[in-house]
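Mind having a look at this structure? Questions to follow.
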Ligand code: SAH
């Protein structure tokens, strides 16, 4: 008898944004394999489980994906409830498919519990909808990051054609990201907001036009950060300008 591996979304950070199903599975888990981004107050729900950290922050040392797949298979052969806990939603930039495929081909039962992705955490904090009547009818989630050995693709084109774009893992290469977006035809004045540590205590947000993105991203601290881009953020940008003016004339 082998156990089940549950790929569970931990949400963007705040523990009370976890789903009830995720919390129940964490309490039941025999062993939890988690990403570096998952906060301790979420992990502590898995009080009877062994906790194994398997990566991954910004190229820092982390377990290789094949090794993680192997660990999950081995754990399912030994335990009834195995949880693979991932930041945000497992099915978005979480390498879930590789784990699902490896587990299924090893004959192991696998289930997925969705979580709130970082984009939804950030957009709620900003009180600015990703879509807006008359302004934005399309949203694209993308990352400029290509995995080692993966073929580079033209990620910037969909960012230029969607009304609203959410860029994951873009903050650290903001100069190259800005250049690629400008080359793809995004106007230099397109409003952006950089959100660090969405839903977490250290949350911060900086509005900027695209041409100021690299300078703005240089202010990101240790937390994970997203870039939101589109005309829906024009009001955020105007509000930031007004604050700046007030500071200048104070
Ligand atoms: N599966 C996750 C994304 C994993 S990729 C999800 O659905 O959210 C990791 C990237 O997500 C980070 O580099 C950052 O761009 C973004 N991210 C994750 N948590 C975040 C947070 N609390 N605030 C801002 N960005 C976050």
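Restricting attention to the stretch 202-213, which residues are farther than 17 Å from residue 127 by Cβ and either more than 11 Å from the ligand (Cβ to nearest atom) or part of a helix (DSSP H, G or I) (or both)?
Those that are farther than 17 Å from residue 127 by Cβ and either more than 11 Å from the ligand (Cβ to nearest atom) or part of a helix (DSSP H, G or I) (or both): 208, 209, 210, 211, 212, 213.
Please tell me if residue 195 is within 16 Å of the ligand (Cβ to nearest atom), outside any loop (DSSP other than H, G, I, E, B) and over 17 Å from residue 160 (Cα atoms).
yes
Residues checked against (1) surrounded by fewer than 18 Cβ atoms within 10 Å (Cβ to Cβ); (2) in contact with a helix residue (DSSP H, G or I) (Cβ under 9 Å, 6 or more places away or on another chain); (3) outside any loop (DSSP other than H, G, I, E, B); (4) assigned by TED's automatic domain parsing to the domain that holds residue 108:
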site	(1), (2), (3), (4)
32	no, yes, yes, yes
52	yes, yes, yes, yes
55	no, yes, no, yes
70	yes, yes, yes, yes
76	no, yes, yes, yes
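May I pose another question? For the stretch 214-231, how many residues are more than 12 Å from the ligand (Cβ to nearest atom), in contact with a helix residue (DSSP H, G or I) (Cβ under 9 Å, 6 or more places away or on another chain), part of a helix (DSSP H, G or I) and in contact (Cβ under 8 Å) with a residue 40 or more places away in the chain?
Residues that pass the stated criteria total 2.
Test residue 182 against the stated conditions and say whether it is more than 14 Å from the ligand (Cβ to nearest atom) and buried (at least 16 other Cβ atoms within 10 Å of the Cβ).
yes
Oh, and also: Suppose we keep only residues that are on the phi > 0 side of the Ramachandran plot and in contact with a strand residue (DSSP E or B) (Cβ under 7 Å, 6 or more places away or on another chain) within the stretch 86-105. Which one would you say is nearest to the ligand (Cβ to nearest atom)?
Per the stated criteria, the residue is 88.
Sticking with this one: Answer yes or no as to whether residue 240 is in the same structural domain as residue 140 (by TED's automatic domain parsing) and more than 16 Å from the ligand (Cβ to nearest atom).
Against the criterion (in the same structural domain as residue 140 (by TED's automatic domain parsing) and more than 16 Å from the ligand (Cβ to nearest atom)), residue 240 qualifies.
A further question on this structure: Quick one: residue 162 ticks every box in (1) touching a strand residue (DSSP E or B) at 6+ places or on another chain (Cβ under 8 Å); (2) more than 14 Å from the ligand (Cβ to nearest atom); (3) at pLDDT below 95 bar one, so which box is it?
Tallying (1) touching a strand residue (DSSP E or B) at 6+ places or on another chain (Cβ under 8 Å); (2) more than 14 Å from the ligand (Cβ to nearest atom); (3) at pLDDT below 95, residue 162 fails exactly one: (3).
Looking only at the stretch 106-124, filter to residues that are assigned to a helix (DSSP H, G or I) and within 9 Å of the ligand (Cβ to nearest atom); which one of those is nearest to the chain's Cα centre (by Cα)?
Looking at residues that are assigned to a helix (DSSP H, G or I) and within 9 Å of the ligand (Cβ to nearest atom), I get 118.
Which one of these does residue 78 not meet: (1) modelled with pLDDT of 95 or more; (2) within 16 Å of the ligand (Cβ to nearest atom)?
Only one criterion in (1) modelled with pLDDT of 95 or more; (2) within 16 Å of the ligand (Cβ to nearest atom) is unmet by residue 78, namely (2).
Can you find a residue that is surrounded by fewer than 17 Cβ atoms within 10 Å (Cβ to Cβ) and within 30 Å of residue 74 (Cα to Cα) anywhere in the stretch 125-147?
Yes: one or more hits.
Something else about it: So, in the stretch 80-105, exactly how many residues are in a helix (DSSP H, G or I) and under 21 Å from residue 43 (Cα atoms)?
2
The values are calculated or read from the model by the stated rules, or taken from the named source; none is laboratory data. Everything numeric here is computed off the predicted structure, so don't read it as measured data. Glycine also receives a Cβ, built like all others from the backbone with ideal geometry; neighbour counts cover every protein chain displayed.
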